[in-house]
Amino acid sequence: IDFDLILENVKDLNMLAGEGISQIEHVPGGARLRQPEPLPLTLYQNGIIMVNGPFRPYEDPSTQQCLQDIMDGYFPSELQMCYPDGI
C-alpha cells in the first residue's frame, strides 16, 4: 500500500469534492452558507476506519478495493450507494 499516494490523492479528491467551498442552503425565511460534510478516513498500521464505520483490516478485499480506488485517483466505489449524485 502506497500511503504517500493515498494521502496525495485524498488531498486532490477533497479539492474536487469542494473542500473549503461553501454552498448555499435554502432555509425558511432565507439562506445560509454550509460547508460540505467531511467523510473521515483514518489510516492505521494494520487497517482503516472510514466514515465512523468498523475497523477494516488491509487484508479484507473490500478494504483493498477501497484503497485501490483512492490510489487510482477515484472516490471509493463503495460510496456510490450513499452518494449517488457524487460527493
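The values are calculated or read from the model by the stated rules, or taken from the named source; none is laboratory data. Note that this is a predicted model, so its numbers are computed, not measured. Positions of Cβ are backbone-derived with ideal geometry, glycine not excepted, and every protein chain shown enters the neighbour counts. What goes into the accessible areas is simple: the full protein's heavy atoms, side chains included, and nothing from ligands, DNA or RNA. Shrake-Rupley method; radii C 1.70, N 1.55, O 1.52, S 1.80 Å.
Things worth noting here:
Conditions (1) surrounded by 14 or more Cβ atoms within 10 Å (Cβ to Cβ); (2) under 17 Å from L79 (Cα atoms), marked per residue:
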| residue | (1), (2) |
| --- | --- |
| F3 | no, no |
| E8 | yes, no |
| I21 | no, no |
| V27 | no, no |
| R32 | no, no |
| Q35 | no, no |
| R56 | yes, yes |
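- Options G29, G47, G53; residue that is in contact with a Ser or Thr (Cβ under 7 Å, 6 or more places away or on another chain) and of a type outside the set (A, V, I, L, M, F, W, C): G47
- Pairs with Cβ under 6 Å, 6+ apart, first in region 26-38 and closer than 24 Å to V10 by Cβ, second part of a strand (DSSP E or B) and open to solvent by 60 Å² or more (accessible area, probe 1.4 Å): R34/Q23
- All positions within region 45-75 that are touching a strand residue (DSSP E or B) at 6+ places or on another chain (Cβ under 9 Å) and hydroxyl-bearing (S, T, Y): Y58, S62, T63
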